[in-house]
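Please treat every number below as a calculation from the coordinates, not as lab data. Computed from a prediction, not measured in an experiment: that's the story for all the values here. With ideal geometry, Cβ positions are generated from the backbone for all residues, glycine too; neighbour counts draw on all protein chains shown.
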Amino acid sequence: MDMSCSRQHVDRRRALTAAGGLVTGAFLALAGPSHNAASAPARRPALAAAGQYANPVIWQDFADIDAIRVGDTYYASASTMHYSPGAPVLRSYDLVNWEIAGHSVPVPSPAVPTPPRQVTPMTGVDTFDGTTLKPRWEWNHNPDNTKWSAGNGLTLRTATVTNDLYWARNTLTHRVQGPTSTATVQIDHTAMRDGNRAGLALLRDSSAWIGVRREGGTTRVAMVSGLTMDGSWNTTGTGTELASAALSSGRIWLRATADIRPGAARPGTFSYSTDGTNFTRLGPALTMGNDWRFFMGYRFALFDHATQTLGGAVRVLRFELSTP
C-alpha cells in the first residue's frame, strides 16, 4: 500500500483488517514499502523510512475501526461505548505509531497539534500528576466526579456500597497491551475503612482481582476470582477469595499480567510486593476466556468500593503498563 496516502480517501478494507479474535481486539494495518518515500516531507521520517511493519500495529481492544486523513494527520475511531468516556479517537502521523487522542462521547475532545510531535506511547508510567485523566483511561460507569481526584496521584473514594465489583462505580479501566503485558500499581491504603475493597482487576465477563481488604481493623492482601456475568450483563458470581496474606505497611504494589494471544484461553496472574522490588505470586491463574459473544477485550481495572458504608479512600501513586 502507498503509505504516503497521496489520495484523500482510502478504503478502510484496504487499510485495516479485523484482528483474529476479540480478545486481542487488535487494530491491524498496512505492511509494505512506500512508493513515494522520496517525496515525503522531512517532518515525517517514519514515512521516509517506510518498510515492512508487523501486524498488529496496535495490539489493543479497539472495535469497528474507521480511519480518515486530515492534512498530514490520520485519525481512527472505534465504537467502544460500554466504558465512559466512549468512542475513543486515535491519532497518527505515519499510520504506524498511534496514540489515544481523546473520545467522541460525551464530548469530542481531541485537539490537533502542530506537527511534528511524537505520539504518546500506549505503554509506560502514569503518576496522575495532572488534575485530569489522560485519554487512555475509561470508567466502567459514568463516574461520580465527587468521589475521585487527580494530582500528586489518583485518589479514589468509595462511591458504591456493594459486594459486586461489576456494579461498583468509579472503577477506572485501561486497555491490555498484547500479546502479553503487565500492569503494576502502587497504592497507599492508609485511609481505607472497614468493609472497603481496593485493588487491581482483570475485568471482563469472567474476572479476578488482587487487592486490599480492610475488616475488623485489620488489613490483608487478597486474590479473588470467580466474578462472572451472563450474556445479558447480569452478575452471576461475585467472586471467592482464593488466597490472602497479612499486611502491616500502608503501601503496597499490586501486579497483574495478562496473555491475550488469540487461540486457546490464556492465563492471567497476580502478585504483590511491599517494597516495589520483590513480588510474591498470590492465588491461581485466571483463565482468560475469549468467547466472541462478549465483544470487548480484557481491561486492567483500578477500583475502590465499600461493602458496609461509604467512606474511606485509597491513593494510587503510580501505574505502569509494560511489555516483555
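The range 167-324: percent of C-alpha pairs farther apart than 19 Å? Before the final figure, lay out each step's value.
Working: 6313 of 12403 pairs.
Everything past 19 Å amounts to 51 percent.
For the range 141-225, just list the percent of Cα-Cα distances falling in each 10 Å bin from zero outward, please.
14, 49, 33, 4, 0
If N is the number of residues in the range 221-309, what value comes out of its Cα radius of gyration divided by 2.2 N^0.38 Å?
1.23
With r as the distance between the Cβ atoms of residue 73 and residue 279 and R0 = 30 Å, compute the FRET efficiency 1/(1 + (r/R0)^6) and round to 0.05.
Numbers: r = 41 Å, r/R0 = 1.35.
Result of the calculation: an efficiency of 0.15.
Please list, in order along the range 204-210, the HN-Hα scalar couplings obtained from phi with the Karplus expression 6.51 cos²θ - 1.76 cosθ + 1.60 (θ = phi - 60°), rounded to whole Hz, x for Gly and Pro.
Values, residue by residue: 6, 6, 10, 10, 8, 8, 10 Hz.
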